[in-house]
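What follows is one structure encoded as structure tokens, with my remarks underneath.
Every read-out reported here was derived from the displayed coordinates using simple, explicitly stated rules and does not represent laboratory data. Keep in mind that what you see is a predicted model, and the values were worked out from it rather than measured. As a convention, Cβ positions derive from the backbone with ideal geometry for all residues, glycine included, and neighbour counts pool all protein chains shown.
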Amino acid sequence: MTIDEVTQAIKRNLTTDLLSSTWINKNGRQRMAGHCYHASAVLKKYFPELKLYRSVDDEGEYHWWCQKEVDGHQVIIDITSEQYTDLGRPLPYKGGQKESELGFSYREKVQKLLNRVENDLNGNKTTLDAFLSD
């Protein structure tokens, strides 16, 4: 399985039930908003060599992404970068720091998304597909 295949499965399964109430309004501006942590954490579960990074963006919010070293250079893998690029906002990678996975409700959201992605990649109907087809 490739990073691109897993990334696409993650994107297909990002839904507002994974967001806190404060992120639901921001998500209306761009559907990737608020999903950066759990999307990146799920990608890291598939590719443990990735490292989680975060920094503060131009609106004072934390943004999360993955990085890995390739031939001595750091490569950024940001599943939700469209929340910046689609709105003409600067990507917030400068000053990013390596971080550990979060706990509490974040862990539950990561597990929920991970389950959906596993179903998706195994060819099973995802929760979203099942909901839309009913």
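Per residue, the average separation of C-alpha pairs within less than 8 Å and at least 6 apart gives the chain a relative contact order of 27 percent.
Taken about its Cα centre, the chain carries a charge dipole of about 220 debye when Lys and Arg each add +1 at the Cβ and Asp and Glu each add -1 at the Cβ. For the peptides 62-71, 31-40, the ranking by packing is 31-40, 62-71, with the highest mean count of neighbouring Cβ atoms within 10 Å listed first. Compared with the alpha-carbon gap, the fully stretched path from Glu59 to Asp86 is longer by 8.2 nm at 0.36 nm per residue. As a proxy for reagent exposure, ranking Val42, Val56, Val6 by other Cβ atoms within 10 Å from fewest up yields Val56, Val6, Val42.
Only helical runs count toward this figure. For the chain, summing -39,500 (n - 2.57) over DSSP H runs of n ≥ 4 and dividing by all residues gives -12500 deg cm²/dmol at 222 nm. Within a straight-line Cα-Cα reach of under 20 Å, Lys109 can be paired with the following aspartates and glutamates, leaving aside sequence neighbours fewer than 8 residues apart in one chain: Asp17, Glu61, Asp78, Glu99, Glu101, Glu118, Asp120, Asp129.
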